[in-house]
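These notes concern the structure reproduced below.
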Amino acid sequence: MRSLRRETAAAWILVLPFVVLFLAFTAGPVLGSFGMSFTDIKQRDLRTPFAVEGVGLDNYVKALSDETFRKAAFNTAYFVVVGVPLTLAVALAAAVLLDRGIKRFQALFKVGYYLPVVTSIVAIAVIWRFVLAPDAGLLNTVLGWFGIDGPNWLASKTWAMPSLIAMAVWRNFGSAMIIFLAGLQGIPATVEEAGQIDGAGPWQRFRYLIVPLLRPTILFTSVTTGIGYLQFFEEPLVMTQGGPLNSTLSVSMYTYQQFGFGNYGLATSMAYILFVVIAVITFIQFRLLREK
């Protein structure tokens, strides 16, 4: 009995640093911010915290009735609905190409595809501003060779969001590609051989044999990519600052702006609305893509 108590005490001593750090820097701030979302706390109240009053669900009602917030929510939904499938499609195509097509210099291609994932967003912004520049940009120059007058991509309400989606796909598909490649290489060769013996063509083997076996991989990549894209913030911040006319403003960026304005209660309510949306969408993805 004594030895069990000693082992228990020793275990608590070992985990105590983690528990203290977790409570101080994770659980504490999360619970504190959740409480803030039900108050009228603003920047001026930091000097007089006892002047803060509870407002119930008013911040949530105000956020949901805010036209700019709803515009940001629509932009975020647009970014996710288009960006996630496109990213996964490009990643899967690249993974299949590396697994089945490219045999020489495969490691070089892996590094090249993955490099944007670990590159600074500032460096990526410089590259894409050069590509999308209206006058001497690479894309408009190429279009000019075919007699097409390209638009001002980042200043157009029509083309600004597709431009950010293209940038996000290019920046993020490498991560999903590596995971897809690992999934493809984990499928036994006998599976395709059996399909080939049964007379299935390359597309039929891929559609009815490979894709179902990749279901856990697709679930993981769709969840992680979806969570990241629902929180998209860096792309509009460094490329468009949410413009033109809020056409690329995201929920995360608008929440950040409200924090900057000192509307802490309203900003935290927006953050928790986004959290609930992420949780619901993730749950739906698990229900749809789980193994049957």
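The values are calculated or read from the model by the stated rules, or taken from the named source; none is laboratory data. This is a predicted model, so every value here is computed, not measured. We place every Cβ from the backbone using ideal geometry, glycine too, and count neighbours over all the protein chains shown. Please note that ligands, DNA and RNA were not included when accessible areas were found on the heavy atoms of the full protein model with its side chains. Shrake-Rupley method; radii C 1.70, N 1.55, O 1.52, S 1.80 Å.
Here are a few things to note about the model shown:
- The residues of the range 75-91 that are open to solvent by 10 Å² or more (accessible area, probe 1.4 Å) and either among the basic types (Lys, Arg) or more than 16 Å from PHE275 (Cα to Cα) (or both), listed by number, are TYR78, VAL81, VAL82, VAL84, PRO85, LEU86, LEU88, ALA89, VAL90.
- Which numbered condition SER33 misses (of (1) open to solvent by 40 Å² or more (accessible area, probe 1.4 Å); (2) touching a residue at least 24 places away in the same chain (Cβ under 8 Å)): (1)
- Test result for PHE50, of a type in the set (Phe, Trp, Tyr) and over 29 Å from MET253 (Cβ atoms): yes
- Scope the range 112-132; condition open to solvent by less than 60 Å² (accessible area, probe 1.4 Å), closer than 17 Å to THR87 by Cβ and either among the hydrophobic types (A, V, I, L, M, F, W, C) or not in a helix (DSSP H, G or I) (or both); matching residues: VAL117, THR119, ILE121, ILE124, TRP128
- Among the residues making up the range 261-292, those that are open to solvent by 60 Å² or more (accessible area, probe 1.4 Å) and not aliphatic (A, V, I, L, M) are PHE261, PHE275, PHE283, PHE286, ARG287, ARG290, GLU291, LYS292.
- None of ALA189, ALA155, ALA200 is without any contact (Cβ under 8 Å) to a residue 12 or more places away in the chain and open to solvent by 40 Å² or more (accessible area, probe 1.4 Å) except ALA189.
- Total residues in the range 205-221, condition closer than 20 Å to ILE284 by Cα and either of a type in the set (Lys, Arg) or open to solvent by less than 10 Å² (accessible area, probe 1.4 Å) (or both): 3
- Scanning the range 1-30 for residues that are closer than 23 Å to ALA267 by Cα and open to solvent by less than 70 Å² (accessible area, probe 1.4 Å) yields a count of 5.
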